[in-house]
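A short write-up of the structure that comes next.
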Amino acid sequence: MLRIIILALSVTLLSAQSILAERILGTPGIISEFSQVEELVKNKKISRDYRKKTLEKNLINAVRFTFLRKYPDYQEKVKDLNPTSISFEQQKGTFNYFLKYKDYFLYYNFAVDPEVYVQIPADEKFYIKNADILEDEPPTKEAPAK
């Protein structure tokens, strides 16, 4: 009789413990399923085409955003903005990009890889190359007159 009471008491404690744990931790298996999905996402192979399109989208959106803040008529200035109208270079080992669009030179620093994640730049610089700047260039050094 004592064995039956001890057995019943232990079964009751175990079932109460599992119900309580389920309420605290959530539905069993969600954590392991989440971990599996996370591993699949982390180890996913990203195609070159996807990386190229994501980078182009990030750079074009960055230029549009820059022009939106600088000019009230930004739509007129970016109407022919597309991946073929810009040229850019990435600084080796960083997420820094130097970009040229028409007479505009832009520098963008992204927080994470812009080939993988859609984002706006964390930092930017904006310059315009025009005739006034070219006229202000210092004269070239010439040999001294004798």
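Computed from the coordinates by the stated procedures, all read-outs in this text should not be read as laboratory data. Here the structure is a predicted model, which means the values were calculated and not measured. So basically every Cβ, Gly included, is an ideal-geometry build from the backbone, and we count neighbours across all protein chains shown.
Here are a few things to note about the model shown:
- Contact order normalised by residue count of the stretch 48-134, Cα under 8 Å, 6+ apart, percent: 27 percent
- The ranking of Ser85, Ser32 by Cβ neighbour count inside 10 Å, starting from the fewest, reads Ser32, Ser85.
- Value of Rg to Rh for the stretch 48-134, rounded to two decimals, is 0.96; Kirkwood radius and Rg both from alpha-carbon coordinates.
- Point-to-point label distance, Phe34-Ile4, nm (Cα→Cβ direction, 7 Å offset): 4.5 nm
- Cross-link reach list, lysines versus Lys129, counting only Cα pairs under 22 Å and skipping chain neighbours closer than eight places: Lys70, Lys77, Lys79, Lys100, Lys102
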